[in-house]
Amino acid sequence: MAMLGFLILFPLVVAAVLLAVRNNQARKAIVGVSAAVIGVASIWLVVAYMGAPWVSFEFYSPVADYVCSAVGVLVAAAILYYGVRYKNVWACVLAAVQVVGALVFEFAFAHGIAVTEGLYLDSLSLLMAFIIGVVGSGICVYALGYMEDFQAHEPEGAKDRRPVFFALMFVFLSAMFLIVFSNNMVWLFTGWEVTTVCSFLLIAYTRTEEAIKNAFRQIIMNLAGGIAFLVALYVMAIQFGTLSFLDFLVIGIQNPALVALPVCALAFAGLTKAAQMPFHTWLLGAMVAPTPTSALLHSSTMVKAGVFLLVKLAPVMYAGTISAQGGFLAATPGLMVILVGGLTFALCSFMAVSQTNAKRVLAYSTIANLGLITACAGVGTPEAVWAALFLILFHAIAKSLLFLCVGTAEHHIGSRDIEDMDLLFERMPRLARFMMLGIMCMFIAPFGMLVAKWATLVSFVDTGQVALIVILAFGSAATFMFWAKWLGKLSGIAGEPKNVEMTVHRSEWTSIMLMAVLAVLACIGLPLLSYFVVEPYVVSVYGVVGQDIAADNLWIASIAVAIVVIVLFAGLGRTKAKKVDVYLAGVGRDNAGRTFQNSLSGETQATARNWYLEGIFGEKRIAPIGTVMCSLVIIVAFAASAVALPGLF
């Protein structure tokens, strides 16, 4: 328990120190040492409790409850302040509703309910702790060099607000640890809301009109999710007399119809946090923030909190779908989550095809992959949960690597547009290889993400739901298309452009290499991760292994990954590579300029440009369809569970 408390509280202490430190060298030392401490502590915890089932720790303190209430009031006060300052009525209204509801709940309903086992851990929370502690801390280290360049591009005389930026990053980590270790739902809710307000402040960091607009879009959508979370707490306290997450899950598995409304409410909160349609626009808007913010929100924190909660609820939703007594009501939460996740995966994968901005491609890919994880949670079978845990891990590592690479590339080639990444293999040879590794991890066999997607397909087939299989098939085809285009652009080698990666900060290389090593180790060690981390969680919840892919096949995939990585990085650093003129498949006029004589004896320049099919897969065409369909699904699910609730008691 001491280590859990350390991981929750230590980042808060670091944040307070960073807020006061103005010296850049001192900041680098504090962030570097603190990130290393958090990473080592997370790894130690994982190793010490690897394979453990649900382990509860007795910790109850009324003071902690009051502190959480105070934090909730401060969060609401901050939102109200900015809402009034920027004249955003919806933010003010939702913040007021939430703070009043939270205070009434604390003093009128939750005051007499004690959760003696306030903290816990299991294999899923250990997996999340590793992602937060190692990947999240690595992003903080990357931010040192990135934000130094970012500040250098600010107008002369602009105030250096990096102390606030780094303080918010570490508060984020603390809140995430609180979420994944809290059995007390009030504490979990507190961490949930802290991530919401930190995200708001980080998205609005540049204080441009666009940044402020997008930050308010995020806060409004996540406040709606927070209110739904609060509704679930009211039902838990009034109807069940408990605020223990474990007790709630046990009640839900035994009688899923009884908890249909609170599960729908919690699932709604998870959908908003995970940026599922119709709430996906807040994550797209987060792209205006500095790259470390994008990486932190999209990989190790914020959105992972949403899918973490959904995967935790998966056994309850699965119990509802197979319940003979509960009927449609019991199955409502699972159906809602499956449909929203599946539609989000397919439609956002198609919209990613039309994007040329690398960060928007990553954003849509993130939303789509979160949709796949969400659909797995809704299906809720042991096999689907096995796949979901691997999707969470591989997505966190690979997407962090890609965001960091794109941020560094943008600072050195002056663009984040994929079409401006011509000859990146020569201009930034190491970075291009790392970026290619991240892309291959996302969609190419034998890397782990595709293995997890195959397991997802098998689990969907076992359910007999043809619609899910079709959604996964078409969404995966779109995924292949947008990743293959980008990978092809990076692979082009011609000419002798200037190497511009010599000025990349050491902190950036450190973090990028960390993510690359983690990606490779995770793929190579996939069979071991399955045996020691993922399977123990599935067995502890369902009593069966729930693995659709044989261990022999996993080992074959891991060996193939090692070979691919060796080939990818084997030529790095060679200075005597043979260079030949570009072959233009005709009579060359100017090889350096890539011009050749065409069939009409004229000159044509050879170019390599991708198709983005805006007219077919554009956001304006697809997004309204997904927004309407997912909104209707959510409305019907809430209406059904709310109408049936009085008759259950």
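The values are calculated or read from the model by the stated rules, or taken from the named source; none is laboratory data. Treat the numbers as computed from the prediction; the structure is a model and nothing was measured. Virtual Cβ from ideal backbone geometry, glycine too; neighbours counted across all protein chains shown. Side chains included, ligands, DNA and RNA excluded: accessible areas come from the protein's heavy atoms. Shrake-Rupley method; radii C 1.70, N 1.55, O 1.52, S 1.80 Å.
Please determine whether any residue of region 466-476 is among the polar types (S, T, N, Q), in contact with a helix residue (DSSP H, G or I) (Cβ under 8 Å, 6 or more places away or on another chain) and open to solvent by 50 Å² or more (accessible area, probe 1.4 Å).
no
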Listed by range, helices (runs of 4 or more DSSP H) wholly within region 1-94 having at least 2 residues that are polar (S, T, N, Q) are 24-49
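Restricting to region 106-127, give me the number of residues that are aromatic (Phe, Trp, Tyr) and either within 30 Å of Val533 (Cα to Cα) or part of a loop (DSSP other than H, G, I, E, B) (or both).
Of all residues in region 106-127, those aromatic (Phe, Trp, Tyr) come to 107, 109, 120.
Then drop every residue that is not either within 30 Å of Val533 (Cα to Cα) or part of a loop (DSSP other than H, G, I, E, B) (or both), which leaves 120.
Matching residues across region 106-127 total 1.
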Which ones in region 31-67 are free of Cβ contacts under 8 Å to residues at least 60 places away in the same chain and under 19 Å from Thr510 (Cα atoms)?
Val33, Val37, Val40
Out of Val115, Val73, Val89, which single residue is surrounded by fewer than 19 Cβ atoms within 10 Å (Cβ to Cβ), closer than 16 Å to Gly191 by Cβ and either out of contact with any Ser or Thr (no Cβ under 9 Å at 6 or more places or on another chain) or hydrophobic (A, V, I, L, M, F, W, C) (or both)?
Val73
Are there any pairs with C-beta distances below 6 angstrom linking a residue in region 104-127 that is of a type in the set (Gly, Ala, Ser) to a residue that is open to solvent by 10 Å² or more (accessible area, probe 1.4 Å) and not in a helix (DSSP H, G or I), with the two at least 6 apart or on different chains, and if so which?
Ala114/Tyr60; Gly118/Phe59; Gly118/Tyr60
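Conditions (1) closer than 28 Å to Leu201 by Cα; (2) over 27 Å from the mean Cα position of the chain (by Cα), marked per residue:
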residue	(1), (2)
Val63	yes, yes
Tyr86	yes, yes
Val104	yes, yes
Val115	no, yes
Gly136	yes, no
Tyr142	yes, no
Look at region 528-555 and say how many of its residues are more than 16 Å from Gly448 (Cβ to Cβ), in a loop (DSSP other than H, G, I, E, B) and touching a residue at least 40 places away in the same chain (Cβ under 8 Å).
3
Within region 339-361, identify whether any single residue is in contact with a Cys (Cβ under 7 Å, 6 or more places away or on another chain), in a helix (DSSP H, G or I), over 21 Å from Leu313 (Cα atoms) and modelled with pLDDT of 90 or more, and answer yes or no.
no
Just the residues that are in contact (Cβ under 8 Å) with a residue 12 or more places away in the chain and surrounded by fewer than 21 Cβ atoms within 10 Å (Cβ to Cβ), please, taken from region 206-216.
Thr206, Thr208, Glu210, Ala211, Ile212, Lys213
Among residues of region 17-64, those that are of a type in the set (A, V, I, L, M), open to solvent by 60 Å² or more (accessible area, probe 1.4 Å) and within 19 Å of Val141 (Cβ to Cβ), counted:
5
Any hit, region 277-298, residues being free of Cβ contacts under 8 Å to residues at least 60 places away in the same chain, closer than 25 Å to Lys620 by Cα and open to solvent by 10 Å² or more (accessible area, probe 1.4 Å):
yes
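Output the residues belonging to region 1-15 that are among the small types (Gly, Ala, Ser) and surrounded by 13 or more Cβ atoms within 10 Å (Cβ to Cβ).
Gly5, Ala15
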Of all residues in region 177-203 being in contact with a Phe, Trp or Tyr (Cβ under 9 Å, 6 or more places away or on another chain) and more than 20 Å from Ser61 (Cβ to Cβ), the one that is surrounded by the fewest Cβ atoms within 10 Å (Cβ to Cβ)
Leu201
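Results for (1) in contact (Cβ under 8 Å) with a residue 12 or more places away in the chain; (2) under 22 Å from Phe350 (Cα atoms), shown as yes or no for each residue.
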| site | (1), (2) |
| --- | --- |
| Glu419 | yes, yes |
| Leu424 | yes, no |
| Leu431 | yes, no |
| Leu437 | yes, no |
| Met442 | yes, yes |
| Lys453 | yes, yes |
| Asp462 | yes, no |
| Val466 | no, yes |
| Ser476 | yes, yes |
Out of (1) open to solvent by less than 40 Å² (accessible area, probe 1.4 Å); (2) without any contact (Cβ under 8 Å) to a residue 40 or more places away in the chain; (3) under 26 Å from Leu389 (Cα atoms); (4) not acidic (Asp, Glu), the odd one out for Ser415 is which?
(3)
Reported set for region 594-621 where residues are open to solvent by 50 Å² or more (accessible area, probe 1.4 Å) and of a type in the set (Phe, Trp, Tyr) is Trp611
Would you check which residues across region 258-274 are open to solvent by 10 Å² or more (accessible area, probe 1.4 Å) and either over 29 Å from Leu297 (Cβ atoms) or touching a strand residue (DSSP E or B) at 6+ places or on another chain (Cβ under 7 Å) (or both) and list them?
Leu258, Leu261
If you take the residues in region 118-153 that are among the charged types (D, E, K, R) and out of contact with any His (no Cβ under 6 Å at 6 or more places or on another chain), which one is least open to solvent (accessible area, probe 1.4 Å)?
Asp122
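Per-residue answers, yes or no, for (1) open to solvent by 10 Å² or more (accessible area, probe 1.4 Å); (2) in contact (Cβ under 8 Å) with a residue 60 or more places away in the chain; (3) among the polar types (S, T, N, Q); (4) on the phi > 0 side of the Ramachandran plot:
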position	(1), (2), (3), (4)
Thr344	no, yes, yes, no
Arg360	yes, yes, no, no
Ser365	no, yes, yes, no
Ile392	no, yes, no, no
Which members of region 460-518 meet the condition of being under 26 Å from Arg427 (Cβ atoms), acidic (Asp, Glu) and over 22 Å from the mean Cα position of the chain (by Cα)?
Glu496, Glu501
Of all helices (runs of 4 or more DSSP H) completely enclosed by region 217-293, which ones contain at least 1 residues that are farther than 21 Å from Val633 by Cβ?
245-254, 281-285
Please specify each residue of region 523-536 satisfying the condition of being open to solvent by less than 10 Å² (accessible area, probe 1.4 Å) and either farther than 21 Å from Met440 by Cα or of a type in the set (A, V, I, L, M, F, W, C) (or both).
Cys523, Leu526, Val534
Filtering region 497-522 down to residues that are more than 16 Å from Leu404 (Cβ to Cβ) and touching a Leu at 6+ places or on another chain (Cβ under 7 Å), which residue is surrounded by the most Cβ atoms within 10 Å (Cβ to Cβ)?
Ala522
